[in-house]
Amino acid sequence: MSNPSRVELTLGSRPDEPGPPIGGPSSYPPAVTARLAADAAVIIARYPQPRSALLPLLHLVQSQDGYLTAAGIAFCADQLGLTAAEATAVATFYSMYRRAPTGDYLVGVCTNTLCAIMGGDAILDTLQNELGVRPGQTTPDGNVTLEHIECNAACDYAPVVMVNWEFFDNQTPSSATELVAALRKGETVAPSRGAPLCTFRQTARVLAGLGQPAPDGTGPGAPTLAGLRAVSGQSRSQKPGGQEPC
């Protein structure tokens, strides 16, 4: 006899996105190396230990190539006195570092539990059909790279699509389709919150700590504040002795 209170949800499988080895050019032209070295010196000077600058340096070389190349890994290792293996071990641990050429706009669809339940899988399927690519692939014009992403702590706005790590909240298959169509046409697109949208390489440079986007001036949205109020109310109700908190 079935349990009438039981609800079964069938979620889509995790998209297959094999990570290629780090390839590309093995070295930079002297002029590029000199320019990157000047930027690297600014970044390294911020840290008491040079090797602590590895993460922003990886963003720096990603801003040069649009993804991590053997040349970029060698540059980072040389700047910090590391081996290429040490730099590669860090670079391949984090999903924010790309191992294949990436378009101007990295469009990520969250397919973790809440976003999937709210329609994330449907959005990803729709964008695959619209763009003609699978997650991890780039459109032939080099404009958009599609990927599935893990939770980005925006569950109160599910389902979420991210473009170059900027939030586009409460998406649907149709709104996500309109979003990528606008990106491919070169139209200006504003994220739901956060910094203004810029290209993937420009974003990588900002993440390297070289240049900051203009602040948008917005605070937390209503869904986030609703959760905060709920937690605050629970804390008040749990005060011992029934006393009002100060």
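The values are calculated or read from the model by the stated rules, or taken from the named source; none is laboratory data. Please read these numbers as outputs of a predicted model, since none were measured by experiment. With ideal geometry, Cβ positions are generated from the backbone for all residues, glycine too; neighbour counts draw on all protein chains shown.
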Worksheet, complete the sentence: Selection from the stretch 159-177 of residues free of Cβ contacts under 8 Å to residues at least 60 places away in the same chain, assigned to a loop (DSSP other than H, G, I, E, B) and within 16 Å of the chain's Cα centre (by Cα) yields PRO159, VAL160, ASN164, ASP169
Fill in: Which numbered condition GLY103 fails, given (1) in a loop (DSSP other than H, G, I, E, B); (2) in contact with a helix residue (DSSP H, G or I) (Cβ under 6 Å, 6 or more places away or on another chain); (3) at pLDDT 95 or above
(2)
Discussion item. Test of understanding: among LEU146, LEU183, which residue is crowded, with 17+ Cβ neighbours inside 10 Å and either charged (D, E, K, R) or closer than 22 Å to ARG99 by Cβ (or both)?
Written reply: LEU146
Worksheet entry | So ALA41, is it farther than 14 Å from ALA91 by Cα, without any contact (Cβ under 8 Å) to a residue 40 or more places away in the chain and out of contact with any helix residue (DSSP H, G or I) (no Cβ under 6 Å at 6 or more places or on another chain) | yes
Worksheet item: Here are some conditions: (1) touching a residue at least 40 places away in the same chain (Cβ under 8 Å); (2) within 21 Å of ALA204 (Cβ to Cβ); (3) within 16 Å of the chain's Cα centre (by Cα). THR88 meets all but one. Which one does it not meet?
Response: (3)
Worksheet entry | Residues satisfying the stated conditions in the stretch 117-143, i.e. surrounded by 21 or more Cβ atoms within 10 Å (Cβ to Cβ) and either among the small types (Gly, Ala, Ser) or part of a loop (DSSP other than H, G, I, E, B) (or both) | GLY120
Worksheet item: Within the bounds of the stretch 92-109, is there any residue that is at positive phi and without any contact (Cβ under 8 Å) to a residue 40 or more places away in the chain?
Response: no
